[in-house]
Amino acid sequence: MSDADDLKRQVGEAAAALVENGMVVGIGTGSTANHVIDSLGERVRQGLDFVGIPTSRRSEERARALGIRIVGFDTHDRIDLTIDGADEIARGTLHLVKGLGGALLREKIVAAASRRMVVIADDSKLVDHLGSHVPVPVEVSGFGWESTARQLGGLGARVTPRQDRNGSLFVTDGGNMILDCAFAPIADPARLEAEIAAIVGVFESGLFVGRAALALVAGRDGVVRIEPE
Ligand code: 5RP
């Protein structure tokens, strides 16, 4: 296991320890969230009883394979705790960029339905300003995406349609496209999130403003808890 993967494992296990019997848990997506799923699978084998709402098909498959009970919004209208990764975490506010893994729309629906969202990452993801290292992924309708892309460009983004490994346009679990929008470091994430959301053709952006109640961040000195200031 690489050092980076070991940090993800540490923080994944720390987050999985927050899950209690009877909870409805939002299950995140990505390499860090995979460690949460694996750790929760182990806890289920030891008798933990909870249900999960996954943020992607691949997290659902991984969770089911480990014996985690999966439910949906048809039967459950509240989520007690969501644990998910992030691509950038802003120090101080805990605003996030998410979606490099392609699951941002489901992730935001699950986060919005959650009483508490805990974000997990290694300390390379902490930034002073969102947009410093990664683009903001925006999930858009495939129909008319070129027009939507031009409007996102009008907000100052350099827009790149995401491709899959074969060079075809990437398709999300919801059958949509992702436009990766590189902004200079973002001065006002709340305003930008609202401006992006106002463009017709946009389903959601990967800006998660005011959603995380706690960050668990792994670094050389172990796992640190960070709350929004
Ligand atoms: C997927 C996400 C992931 O949480 C994010 O990309 C972080 O992934 P990883 O833990 O693999 O770095 O937002 O849409």
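Only the coordinates and a few stated rules stand behind these numbers; no lab work does. None of the values given here were measured: they were computed from a predicted structure. With ideal geometry, Cβ positions are generated from the backbone for all residues, glycine too; neighbour counts draw on all protein chains shown.
Compute the acute angle (0 to 90°) between the alpha-carbon long axis of helix 3-16 and the principal axis of greatest extent of the alpha-carbon atoms of the chain; round to the nearest 10°.
Helix 3-16 sits roughly 70 degrees off the main axis of the chain.
What is the distance in Å between the Cα centroid of the range 211-226 and that of the range 9-55?
Between the Cα centres of the range 211-226 and the range 9-55 lies a distance of 16 Å.
Taking H placed 1.01 Å from N in the peptide plane, check which residues at least 5 places from G142 or on another chain put their amide H under 5 Å from its amide H.
Distant-sequence amide H within range of G142: M177.
For R64 and A198 in one chain, what is 0.36 nm times their gap in residues minus the Cα-Cα distance, to one decimal in nm?
44.6 nm
With θ set to phi - 60°, apply the Karplus curve 6.51 cos²θ - 1.76 cosθ + 1.60 along the range 60-69 and write out the HN-Hα couplings as whole Hz, x wherever there is a Gly or Pro.
4, 4, 5, 5, 4, 4, 9, x, 7, 6
In the chain, what percentage of the DSSP-assigned beta bridges are antiparallel, given to the nearest 5?
Numbers: 22 of 42 bridges.
Bridges in the chain that DSSP calls antiparallel: roughly 50 percent.
If neighbour count is taken as other Cβ atoms inside 10 Å, put I199, I178 in order from fewest to most. Don't skip to the answer; put the middle values down first.
Working: I199 18, I178 27.
Going from sparsest to densest Cβ surroundings: I199, I178.
Using only the Cα atoms of the chain, build the gyration tensor, take square roots of its eigenvalues as a ≥ b ≥ c, and label the shape rounded, prolate or oblate: rounded if a/c is under 1.5, else prolate if a/b is larger than b/c, else oblate. Could the numbers behind the result be given before it?
Details: a/c = 1.80, a/b = 1.42, b/c = 1.26.
In terms of gyration-tensor shape, prolate.
Okay, which of the range 135-159 sit inside 12 Å, backbone N to the point 7 Å along the Cα-Cβ direction of V171?
142
Scan around L207 for amide H atoms under 5 Å from its own, H built in the peptide plane at 1.01 Å from N, and keep only partners 5 or more places away or cross-chain.
K98
At a Förster distance of 22 Å, what's the computed FRET efficiency of H133 paired with D6, Cβ-Cβ distance as r, to 0.05? If you can, show how the numbers build up before the last one.
Values: r = 21 Å, r/R0 = 0.97.
Calculated value: 0.55.
Can you list the lysines whose alpha carbon sits under 16 Å from that of K108, skipping same-chain ones fewer than 8 residues off?
Those lysines meeting the cut-off are K98.
Count neighbours as other Cβ atoms within 10 Å of each site's Cβ, and list the trypsin sites (Lys or Arg not before Pro) in the range 111-156 that are DSSP loop with at most 13 such neighbours. Provide the component values of the computation, followed by the final result.
Numbers: sites: R115, R116, K125, R150; in loops: R115, R116.
Here the trypsin sites (Lys or Arg not before Pro) that fit, given the DSSP loop and packing criteria, are R115.
Within 10 Å, at most 12 other Cβ atoms, and a DSSP state outside H, G, I, E, B define an exposed site. Report the longest part of the chain free of exposed chymotrypsin sites (Phe, Trp or Tyr not before Pro). Don't skip to the end; give the middle numbers.
On the way: sites that count: F73, F143.
For chymotrypsin sites (Phe, Trp or Tyr not before Pro) (loop position, at most 12 other Cβ atoms within 10 Å), the longest site-free span of the chain is 144-229.
Just want the answer: with Cβ charges of +1 for Lys and Arg and -1 for Asp and Glu, which residue in N34, I53, T75 is farthest toward the dipole's positive end in the chain?
T75
Just to confirm the number: angle between the C-alpha axis of helix 31-45 and the first principal axis of the chain, 0 to 90 degrees, nearest 10?
Tilt of helix 31-45: around 30 degrees.
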